[in-house]
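The values are calculated or read from the model by the stated rules, or taken from the named source; none is laboratory data. What you are looking at is a predicted structure, and each value in this text was computed from that prediction instead of being measured. Because the Cβ atoms are built from the backbone with ideal geometry, glycine has one as well, and the counts that use them run over all protein chains shown.
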Amino acid sequence: MSNSVLFLVVFITALSLVVIALALAGLLSPRSLSPHKGEPYECGIPTRGSSWMQLRVGYYLFAILYLVFDVETVLLFPWAVAVKSMGMQGLACVLFFLVILTLGLAYAWKKGVLVWR
């Protein structure tokens with residue numbers, strides 16, 4: 001079986017599984033057509049005024065920094081598993097990676113992004 005035929009089989013299988021799952025969810029899910037269902041609420045308490053509010057940019061910066069450092073930390077786990085087979089070149093690469101990561105953290109700290117005001 002060639003690679004293109006295998007790719008086509010996997011693609012069609014994945015697409016059909018998604019379509020079947022969505023169709024089953026649509027058919028089997030409970031339906032309640034109540035006017036209260038479309039109303040916005042928070043913690044079960046009806047909202048007063050507009051539900052749209054502007055958030056400070058600090059929340060977004062903090063979340064983005066968390067995601068960046070979290071993903072970069074997750075990249076260290078495969079390296080830790082394969083460190084014996086990589087030798088000194090692998091160690092040098094990960095040290096370079098950690099230096100760049102530390103410089104990014106120092107830059108964010110200096111800019112005051114990590115200060116919660």
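Every residue in the range 91-117 that is touching a residue at least 12 places away in the same chain (Cβ under 8 Å) and not in a helix (DSSP H, G or I), please.
Val113, Leu114, Trp116, Arg117
Within the range 1-12, how many residues are exposed (fewer than 10 other Cβ atoms within 10 Å of the Cβ) and part of a helix (DSSP H, G or I)? Break it down stepwise before answering.
Taking the range 1-12 first, the residues exposed (fewer than 10 other Cβ atoms within 10 Å of the Cβ) are 1-5.
Now drop any that are not part of a helix (DSSP H, G or I), which leaves 3-5.
Number of matching residues: 3.
Filtering the range 33-90 down to residues that are part of a loop (DSSP other than H, G, I, E, B) and modelled with pLDDT of 80 or more, which residue is surrounded by the most Cβ atoms within 10 Å (Cβ to Cβ)?
Leu75
Go over the candidates Val74, Val94 one by one and state the one that is more than 30 Å from Trp116 (Cβ to Cβ) and of a type in the set (Val, Ile, Thr). Walk me through it before giving the result.
Details: Val74 fails: more than 30 Å from Trp116 (Cβ to Cβ).
Within the list Val74, Val94, the selection yields Val94.
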